[in-house]
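Notes follow the structure.
The values are calculated or read from the model by the stated rules, or taken from the named source; none is laboratory data. In this text the structure is predicted, and so the values were computed from the model without any measurement. Counting neighbours? That spans all protein chains shown, and the Cβs are built from the backbone with ideal geometry, glycine included.
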Amino acid sequence: MNSDARGIAPMEIVLVGNNDQQAVVQMYARRLEGGANLMLHFIDLSQQKALEVQFVQSQKMQAIGQLAGGIAHDFNNLLTAMIGFCDLLLLRHKPGDPSFADIMQIKQNSNRASNLVRQLLAFSRQQTLRPRVHDITDILSEVTHLLRRLLGANIELDLVHGQDLGLVKVDVGQMEQVLVNLAVNARDAMEDGGKLTITTSVFSNTQAMKCVSDEMPPGEWVSIAVKDEGHGIDPDNVTRIFEPFFTTKEVGQGTGLGLATVYGIIRQTDGYLDVKSQIDEGTTFTIYLPIASESEADVDVSEDGVDENADLTGTARLLLVEDEDAVRKFSSRALTNKGYEVLEADCAESALTLLEKEDAKGLDLLITDVIMPDMDGPTLAGKIREKNDKLKIIFISGYTEEKLKDHMGENIWFLPKPFTLKQLAGKVKEVLDGA
């Protein structure tokens, strides 16, 4: 340090206060005129340091999210083909056929793999919502085995199902993700073991009610309370626990995305999330989901989300562009079986070459993958629309519709992978009928 200098280079130091609380500050020292005395200035860097940590964490999570999204995209192509060809086989092998049980086993395992991929997409915030009307009791029953494995042997899981709950309109995969995240948080809070209780009930409020930072309007709700016997949440942190990248766990023990994801999913589903906690006594997270209306509950849909009684046949002329051979072959066969005339192309260039021989104005619908070599789906769609500006388009992709927001518009629809035969035929019928 130069003793003759009027100003001294700033130093970063840590101040320790009561209860071992620490604050990172930047200290500036300046020598006063005509003496050896110094004037010290302290600037609190705590918020800046927190932002730096958050920025580094966000970069890391973004990189991991992109990797997870890329892996999920490739798996969705494989699963679309596996599920699709199972559907084609099931058209020929009905219940009672010796092969029926084997085909169903393959399809069920493919659907399980599809749920794992959706968890990857949920982690990377690239999932597509598929809300349907469900009984929350059925969802809890399905996810119970997974929760017990996650909790371990020293934590007891108790499910208390309410009566006459009513139905809720949710995305099953996302609701399972919510329950898994809350269970993992509860497990981490009960290091020495304990009991996790999940209780469902009907809840109604005649006046608006505060839920953390949100205000829940009056209404009828299905309530899901997830209660643990852990160490509780510090009152100062209760309002921050739903912030992305905020975590009280040690470095390497948590991402800070679990509760942020839970909050986002519940709010996307038009629900609300509340939390009550006491130190050393435990924490209760309560989910409030709106009860589905009678009109929503009366819709008869299959496991594919398609009306069971819908007529999925047609005679329109379609152009199918997909670089994954198995997905293209399944999709073409599925639509041909429904009566459609299907033109196939394995890339955008092949599609354009094909349309030089065929009349583009004679097309009723373009179905194209989004990510393809050389030219992507939106660019191809733009070129074909130069010749047929009223052409209807369905983009199919393992990525979310959000990535296509700049390309969505009039007469453009989206179908996420993996899809079943019914989902593909149902979407085509919906689009052609102008629904």
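Side notes on the structure shown:
- Scan of segment 416-425 for residues that are within 17 Å of Asn111 (Cβ to Cβ) and at pLDDT 90 or above, ordered by number: Leu424
- Positions within segment 339-361 being at pLDDT below 90 and either within 20 Å of Leu424 (Cβ to Cβ) or touching a strand residue (DSSP E or B) at 6+ places or on another chain (Cβ under 6 Å) (or both), in sequence order: Leu354
- Residue list for segment 184-211, restricted to those being within 14 Å of Leu157 (Cβ to Cβ), hydrophobic (A, V, I, L, M, F, W, C) and at pLDDT 90 or above: Leu196, Ile198
- Checklist (1) assigned to a helix (DSSP H, G or I); (2) over 30 Å from the mean Cα position of the chain (by Cα) applied to Arg328, failing item: (2)
- Filter result for Leu391 (under 13 Å from Ile412 (Cα atoms) and touching a residue at least 40 places away in the same chain (Cβ under 8 Å)): no
- Residue list for segment 308-322, filter: surrounded by fewer than 18 Cβ atoms within 10 Å (Cβ to Cβ) and either free of Cβ contacts under 8 Å to residues at least 24 places away in the same chain or over 14 Å from Leu432 (Cβ atoms) (or both): Glu308, Asn309
- Qualifying residue in segment 93-102 (condition: touching a helix residue (DSSP H, G or I) at 6+ places or on another chain (Cβ under 8 Å), modelled with pLDDT under 80, assigned to a helix (DSSP H, G or I) and not aliphatic (A, V, I, L, M)): no
- Test: residue in segment 250-257 that is at pLDDT below 65, surrounded by 17 or more Cβ atoms within 10 Å (Cβ to Cβ) and within 15 Å of the chain's Cα centre (by Cα): yes
- Near pairs, Cβ below 9 angstrom, 6+ apart or cross-chain, from segment 43-54 (at pLDDT 80 or above) to any residue that is charged (D, E, K, R): Leu45/Glu12
- In summary, Ala122 fulfils each of the numbered conditions (1) in a helix (DSSP H, G or I); (2) at pLDDT 80 or above with the single exception of condition (2).
- Residue tally, condition within 16 Å of Gly377 (Cα to Cα) and either of a type in the set (A, V, I, L, M) or in contact with a Lys or Arg (Cβ under 7 Å, 6 or more places away or on another chain) (or both), over segment 320-342: 4
- Within segment 363-395, the residues that satisfy the criterion of being among the charged types (D, E, K, R) and either surrounded by fewer than 22 Cβ atoms within 10 Å (Cβ to Cβ) or not in a strand (DSSP E or B) (or both) are Asp364, Asp374, Asp376, Lys383, Arg385, Glu386, Lys387, Asp389, Lys390, Lys392.
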